[in-house]
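Below is one structure; the comments refer to it alone.
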């Protein structure tokens, strides 16, 4: 057998192994497979194979970057930009994906180099955005800064000078917005303006800067239509205007310029002043001292209440529904990551209310089992949905609606 024949035989063997792995996964996870509608089993096996392939590619790409760091080559900007998608970013994070479990050998040097490369792109975009924003008559004489929104509840929320997630434009000092110790899938941030009358930093509307940021990020990250088509082939790039392409690129990359009025912004996570509190910031007395704490933090500590559970319910559902509706393996994987986070948050908030003596009905066993099912990253999104349906839910959208609606019920307890 020649070299070409050997290669073809190897590929055929690999394809058979992939098919068998996917078939076994479906067989082990789905009860009463013979009762599935005609063609459904083949559909699930195909989805699982596609998912397994995406996982394998993501791990290979991450390993390539790790090898470059170990060889003292650094990480190329394009490699980081190309890795920004749900499955790929989770692989870089060392998250538990597929049978290998949580990757044990994600070196700290890799995380540091990856984040530094990405932050150079993001902070260069911040600087250029603020330079242009300062030419706007509305902000011409204003002091502006960036606040990156990382894990809610962490960081010095009432520090007016410097905190780990505060970035002052064009300041190259090492203590200006510490580079994170872990890799984040998303980059949500606000622009703040210093109010000399109150001595407070206040968010400005995201509508004033989001388009500007997407343009700057596109420039810094090397956006081209061909590159976008290659990384995100499910989007109809040819039917978008140039501005729509740039926005879609930034969003697919996990960039989210926001403010408290943004559709995905959650009032309960914010420490900004609000009309819901007569123009004041949310505070709570802790150990005899009034501290600025978001409503979420207050509920989790068992010392306060949510301001707008209805808005929280809608925002959490939207974070699932939008990527799920795109229908591809990457977007639906990200949708399930968001829904899984929503389930974790829901449990913490419900327990916080219980700690305050509120009677919060227990989640049904079907919903508990459903949340376990969607968190299983071994399974393709389609296979996780099939498990949800076997628990009695119509589809994944039905399950997500029922989970997120429990946030709204918190207002009656």
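No lab work stands behind these numbers, since they all come straight from the coordinates. Just so you know, these numbers come straight off a predicted model, no measurement behind them. Note: ideal-geometry Cβ built from the backbone for every residue, glycine included; neighbour counts use all protein chains shown.
Quick notes
- Approximate spin-label separation residue 132-residue 225, in nm, with each point projected 7 Å along Cα-to-Cβ: 2.0
- Size estimate for region 355-413 follows the Kirkwood approach: the inverse of mean 1/r over distinct Cα pairs works out to 12.5 Å.
- Efficiency of FRET between residue 326 and residue 42 - r from beta-carbon atoms, R0 22 angstrom, step 0.05: 0.45
- Using a simple spin-label model with pseudo-atoms 7 Å out from Cα toward Cβ, residue 348 and residue 116 lie 3.1 nm apart.
- Helix 3-29 axis versus longest C-alpha principal axis of the chain: approximately 70°, rounded to the nearest ten.
- 0 to 90° range, to nearest 10: angle between helix 40-70 axis and the chain longest Cα axis: 60
- Between residue 82 and residue 372, the contour length at 0.36 nm per residue exceeds the alpha carbon distance by 101.4 nm.
- Helical content alone sets the calculated 222 nm signal of the chain at -17000 deg cm²/dmol, taking -39,500 (n - 2.57) per DSSP H segment of four or more residues and averaging over every residue.
- For region 192-238 versus region 42-60, the inter-centroid distance based on Cα atoms is 32 Å.
- Sorted fewest first by neighbouring Cβ atoms within 10 angstrom, 206, 318 come out as 318, 206.
- With both labels modelled 7 Å from their Cα along Cα-to-Cβ, the residue 73 to residue 197 distance reads 5.7 nm.
- Helix axis angle, 242-252 relative to the chain longest principal axis, alpha carbon, degrees: 80
- Shape of the chain, Cα gyration tensor, a/c cut at 1.5: oblate
- For the chain, the relative contact order comes to 14 percent (Cα pairs under 8 Å, sequence separation of at least 6).
- Mean separation of Cα contacts under 8 Å, 6 or more apart, over the residue count of region 263-413: relative contact order %: 23
- Cα gyration tensor category, rounded, prolate or oblate, for region 172-230 with a/c compared to 1.5: oblate
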